[in-house]
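The structure appears right after this line, and notes come after that.
Readers should treat all values here as calculations from the given coordinates under stated rules, not as data from a laboratory. Given the structure is predicted, the values throughout are model-derived calculations rather than measurements. Here the Cβ is made from the backbone with ideal geometry for all residues, glycine too, and neighbour counts use every protein chain on show.
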Amino acid sequence: MGQAHTLNITNPTTFTDGGAFSASTDTAGYEIQIDGAAAVSIPNGYLTTFDLSTLAVWSTLKSGMHTVALAVVTKEGATGVYGSASFPVLGIPAAPILAVV
């Protein structure tokens, strides 16, 4: 769509029960959703950034505001709580119609 959107990730430091969570050693991957639909599972360990324009769904997004949600998946297979953020997709004008007169 002509622009890149990098998702900056601040990983959790605790589990929902308050126990200590080490993102660099406890993370097995991430689940990313765009506008509520599953976009990709990333079976990597620890990330701090992700380029949203690498997602297959990126080219299908219409102009306007969209929402990305991300959850951490632990090495034990538990999917965490989703955090979300909004981002704009700017439209690209269609080609003008030209006529030589």
Relative contact order %, the chain, counting alpha carbon pairs below 8 Å whose residues are six or more apart: 28
Per the charge dipole of segment 5-101 (beta-carbon charges, Lys/Arg positive, Asp/Glu negative, Cα centre), the residue among SER84, ALA56, THR16 reaching farthest to the positive end is ALA56
Which Cα, out of VAL73, LEU7, ALA28, lies furthest along the positive dipole direction of the chain (beta carbon charges, K/R +1, D/E -1)? LEU7
If N is the number of residues in the chain, what value comes out of its Cα radius of gyration divided by 2.2 N^0.38 Å? 1.39
Suppose every K and R has +1 on its Cβ and every D and E has -1 on its Cβ; what is the size of the dipole of the chain about the Cα centre, in Debye to the nearest 20? 280
